Amino acid sequence: SAAAGTVVVLPGRAEFIEKYVETVQDLRQRGFAVAVLDWRGQGGSSRSLANPLKGHVDDFSAYAGDLDCLLSHLARIGAPTPWYGLAHSMGGAVLLAALAAGESRLVRAVLSAPLIGIHGIGPGHPSARLAQLLNLIGLGGAFVPFSGKRDASAFAPFTGNPLTSDVVRYERQVAILTAGEALALGPPTLSWVAAAFRLIRAMRDPAFGLSIRCPTLIVAAGADTIVETRDAERLADRIRGASAVVIQGARHEILMESERYRNQFWSAFDAFIH
């Protein structure tokens, strides 16, 4: 019965529904119903490989199938309309690809630090080519070489983390994963990386997104070292009905950032949605 409609929250890679409890509260206070999903292979959803810590997908079109299932489910249960998309990082890339492919059930979309490009590593970078080559020769299910922590209980310290400058929100995420290690995900597989670069190359095509009719707001992080903020700005310049706002100083997870950055995000969200 939410008068404002329903917001579909689409998390990033390795994220989980529980991480968005504060975002859900923020949206409910604005009068929205909220739907959040765990993409296949992460959070509480089933894994496709024997090692549950491997972040794996064969192609990002599989995630588009997850989104379609979620929206079809919302239609079946009569979720309040209109429907809006709020997607972060990988979720933003998936949503953009779906909109470009003709998805029309969302009236507006807000993308937080979307994965339009990987910071410092373009599709032609040697490491990107290596990942794609290793995937082609059948090693797609392997962790990306030299990818660091592969233990669900091995959490990085707050100092120096690239995600947020807010220690309380960061430690809350760690506490959730400490209590529920089954939600944790390790580094991506070579197949996931190869799939990500295929989509990134597609999004760099000058014709990508020209058919999108859903008004779209990209909110990028000025201090992002995970995804490439400039790539997101370029894409917004190219797509009709799209615009970009950069929150200077914010790290990658804007919705999990300190209040001075989150307040800027919600101000942009409110102005765009209403």
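The values are calculated or read from the model by the stated rules, or taken from the named source; none is laboratory data. Bear in mind that the values here come from a model prediction, so they are computed numbers and not experimental data. Cβ sites come from the backbone with ideal geometry, for glycine too, and all protein chains shown count toward neighbours. We work out accessible area using only protein heavy atoms, side chains counted, and drop any ligands, DNA or RNA first. Shrake-Rupley method; radii C 1.70, N 1.55, O 1.52, S 1.80 Å.
Restricted to the range 136-159, and to residues that are in a loop (DSSP other than H, G, I, E, B) and at pLDDT 90 or above, which residue is least open to solvent (accessible area, probe 1.4 Å)? In this case the residue turns out to be Gly140. Report the residue count in the range 154-202 for those that are of a type in the set (Val, Ile, Thr) and without any contact (Cβ under 8 Å) to a residue 12 or more places away in the chain. So the answer is 3.
Got a number for residues in the range 220-245 being β-branched (Val, Ile, Thr) and more than 21 Å from Gly122 (Cα to Cα)? The qualifying residues number 1.
Being open to solvent by 30 Å² or more (accessible area, probe 1.4 Å) and in contact (Cβ under 8 Å) with a residue 12 or more places away in the chain is the filter; apply it to the range 1-27 and report the residue that is farthest from Ile116 (Cα to Cα). Ranking the qualifying residues of the range 1-27, first place goes to Ser1. Residues considered: Val174, Val193. Of these, the only one that is among the hydrophobic types (A, V, I, L, M, F, W, C), closer than 28 Å to Ser48 by Cα and crowded, with 21+ Cβ neighbours inside 10 Å is Val193.
Within the range 258-274, the set of residues being assigned to a loop (DSSP other than H, G, I, E, B) and over 20 Å from Gly85 (Cβ atoms) comprises just one member, Ser258.
Being open to solvent by 10 Å² or more (accessible area, probe 1.4 Å) and within 30 Å of Gly160 (Cα to Cα) holds for only one residue in Ser267, Ser211, and it is Ser267. Among the residues of the range 170-229, those identified as farther than 27 Å from Phe265 by Cα, part of a helix (DSSP H, G or I) and among the polar types (S, T, N, Q) are Thr178, Ser191.
Of all residues in the range 64-103, those satisfying the criterion of being open to solvent by 20 Å² or more (accessible area, probe 1.4 Å) and closer than 18 Å to Gly209 by Cβ are Ala64, Ala97, Ala100, Ala101, Gly102, Glu103. Of all residues in the range 104-116, one or more are open to solvent by 60 Å² or more (accessible area, probe 1.4 Å) and free of Cβ contacts under 8 Å to residues at least 60 places away in the same chain.
Does the range 123-135 contain at least one residue that is polar (S, T, N, Q), open to solvent by 20 Å² or more (accessible area, probe 1.4 Å), free of Cβ contacts under 8 Å to residues at least 60 places away in the same chain and in contact with a helix residue (DSSP H, G or I) (Cβ under 6 Å, 6 or more places away or on another chain)? Looking through the range 123-135, at least one residue is polar (S, T, N, Q), open to solvent by 20 Å² or more (accessible area, probe 1.4 Å), free of Cβ contacts under 8 Å to residues at least 60 places away in the same chain and in contact with a helix residue (DSSP H, G or I) (Cβ under 6 Å, 6 or more places away or on another chain). Restricting the range 40-50 to residues that are open to solvent by 50 Å² or more (accessible area, probe 1.4 Å) and in contact (Cβ under 8 Å) with a residue 12 or more places away in the chain, the residue that is farthest from Val94 (Cα to Cα) is Leu49.
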